1. When GLU92, GLU41, GLU108 are ordered from fewest to most other Cβ atoms inside 10 Å of their Cβ, what list results?
2. Give me the log10 of I(q) over I(0) for the chain at q = 0.11, 0.13, 0.15 Å⁻¹, as the Debye formula computes it from C-alpha points; what are the numbers?
3. If the elastic network links every pair of Cα atoms under 10 Å, which of ILE205, ILE36, ILE275 fluctuates the most in the Gaussian network model of the chain?
4. Got a sec? Charge dipole of the chain, +1 on Cβ for Lys and Arg, -1 for Asp and Glu; which of THR235, SER46, PHE221 is way out at the positive end?
5. Apply 1/(1 + (r/R0)^6) to the Cβ-Cβ distance of GLU296 and GLU26, taking R0 = 51 Å, and write down the FRET efficiency to the nearest 0.05.
6. In a GNM of the chain with a 10 Å cut-off on Cα contacts, which of SER56, SER147, SER281 has the highest mean-square fluctuation?
7. By the scheme Lys and Arg +1, Asp and Glu -1, what is the net charge of all other residues having a beta-carbon under 13 Å from that of ASP233?
8. For the chain, what relative contact order do you get, as a whole percent, if you take Cα pairs closer than 8 Å and at least 6 residues apart?
Amino acid sequence: MDHPARKGRDHEWLDYYKQFRYFSAEAVRDGCYPRIMEHEEPAEKSIVLVHGLTDSPYFLTAIGDYFFKKMGYNVYLPLLHFHGLKEPQGMEGVKLKEWKANVDFAVEVAAAKSAKVSIGGLSTGGTLSFYTAVKNKKINGTLYLFSAALDLAGGIGGLVGELKERLLRTFMADVLDNDKHLIGANPYRYCRMDMDGARELSKMIKETDTLIKHFNPKKPFPKRVFAAHSESDSTANITGIEDLQKVSIPDRFTFFRIPEAVGVSHASLVLKDPIYASNASPGDAPLEKANPQFQEMMAAMAVMG
């Protein structure tokens, strides 16, 4: 078991800070810390859940709670490099290789505690999860994708999304970054997309694009996949999931597809409860709405085991 959680920071993963010295309990915002949920008795299964760009492990805590309490999993929620900080410094120096190291460490810990290790994530976390599921042999369970950013949304046939990806891989990411503060009213995420981080995501998408092309119906992606995505997602193109589905084993791929009419936005997909501003007053509208189909999505996910 990890060290006892500090007051007000349930399941805080304190050993995580020992592995990644650029993080500390003092440097990380109260709502954004890495989390660990381990059963006292050995668990047969574990899952690593990876948050998205600009947000934090908080976004996946409701899903993590479900895996832990309802399905008996150990749950590990790493914090990605340059995320969740009280002083994010414009995310200058953020590196994709560190994101990969953050995820791999969580996988190592999970694999040391259980025989079956699954992985999943929101948005950028979904992209990293797919990459890790392909590259890391210790992932021998299911891949769970929530609004996975396998492709950026926009334009006819995704053309605008492709142009965004190419642009963000160039020096223009720094030119376009306006260097405004990243800390705002949302207690669990930065208030805007930072272009330094977006550039690293774009590199990740390029790598996953290449990996997906290695698979085809005759040589399919072998792992079981649960993918949840909203048709009204204006950030991550649903075609990225459709492309993965085409090269996966049909009876090992579950697609929980939320119709556009439901109006579930990109990050709201994983939220059981809405998120309000840190200074919200009674009656204020939430910053992030909850997913009205959250429980239905969990029930569909639970069938995967």
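Only the coordinates and a few stated rules stand behind these numbers; no lab work does. Since we're looking at a predicted model, the values are computed, not measured. Cβ atoms come from the backbone with ideal geometry, glycine included; neighbour counts cover every protein chain shown.
1. GLU41, GLU92, GLU108
2. For the chain, the Cα-only Debye profile gives -0.62, -0.89, -1.24.
3. For the chain, modelled as a Gaussian network with Cα springs under 10 Å, the answer is ILE275.
4. PHE221
5. Working: r = 40 Å, r/R0 = 0.78.
E(calc), rounded to 0.05, equals 0.80.
6. Judging by the Gaussian network model, the answer is SER281.
7. -3
8. Dividing the mean separation by the residue count of the chain yields 16 percent.
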